[in-house]
Amino acid sequence: MAASPQSVNFEEVGKAFTQHFYMTFDTNREGLASLYTDQSLMTYEGTQIMGQAAIMNKYRSLGFNQAKHNIKTQDAHPNPLQPNAVIVFVTGDLQIEGQEYPMKFAEVFHLVQTGASFIIANHIFRLNIG
């Protein structure tokens with residue numbers, strides 16, 4: 001995701017990131033690798049996963065090949081303590097192949113600008129079950 005190194009419009013970054021992330025997840029999950037680094041940390045349903053390789057292994061082990069995200073809300077904030085960083089919160093429905101009903105989910109991303117792009121420094125995913 002390209003961005004100007006001088007000024008970040010956090011709302012535009014949040015919207016563009018959200019569209020890119022879920023479209024890529026739904027059509028080519030392997031394409032998400034470039035969004036993570038070896039220092040990226042994901043918490044997936046309470047389990048912490050560190051680094052690009054481990055995160056991609058988690059995606060490969062999810063037990064389904066096709067998914068469709070229907071985004072309901074997306075909010076973005078600048079990080080006042082870290083210039084050119086954006087926090088994105090997303091909620092929506094996740095429809096998995098072979099399941100009749102979608103599942104509610106919530107996700108948080110902490111994006112950090114590196115050069116002209118953003119990477120995911122921190123990522124938290126939860127299903128809203130119960």
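Some values worked out for this structure:
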read-out	value
Output for region 27-63, where each listed residue is surrounded by 11 or more Cβ atoms within 10 Å (Cβ to Cβ), touching a Gly at 6+ places or on another chain (Cβ under 9 Å) and assigned to a loop (DSSP other than H, G, I, E, B)	Tyr36, Thr37, Gln39, Ser40
Yes/no for Ile120 being crowded, with 18+ Cβ neighbours inside 10 Å and within 20 Å of Asp26 (Cα to Cα)	yes
Residue within region 20-29 that is touching a strand residue (DSSP E or B) at 6+ places or on another chain (Cβ under 8 Å), more than 18 Å from Ala121 (Cβ to Cβ) and of a type in the set (Asp, Glu) present	yes
Region 67-79, residues that are free of Cβ contacts under 8 Å to residues at least 40 places away in the same chain and either of a type in the set (S, T, N, Q) or not in a strand (DSSP E or B) (or both)	Asn70, Thr73, Asn79
Any hit, region 81-94, residues being open to solvent by 30 Å² or more (accessible area, probe 1.4 Å) and among the acidic types (Asp, Glu)	no
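The values are calculated or read from the model by the stated rules, or taken from the named source; none is laboratory data. Remember, predicted model here, so these are calculated numbers, not experimental data. All Cβ positions, glycine included, derive from the backbone under ideal geometry; neighbour counts span all protein chains shown. What goes into the accessible areas is simple: the full protein's heavy atoms, side chains included, and nothing from ligands, DNA or RNA. Shrake-Rupley method; radii C 1.70, N 1.55, O 1.52, S 1.80 Å.
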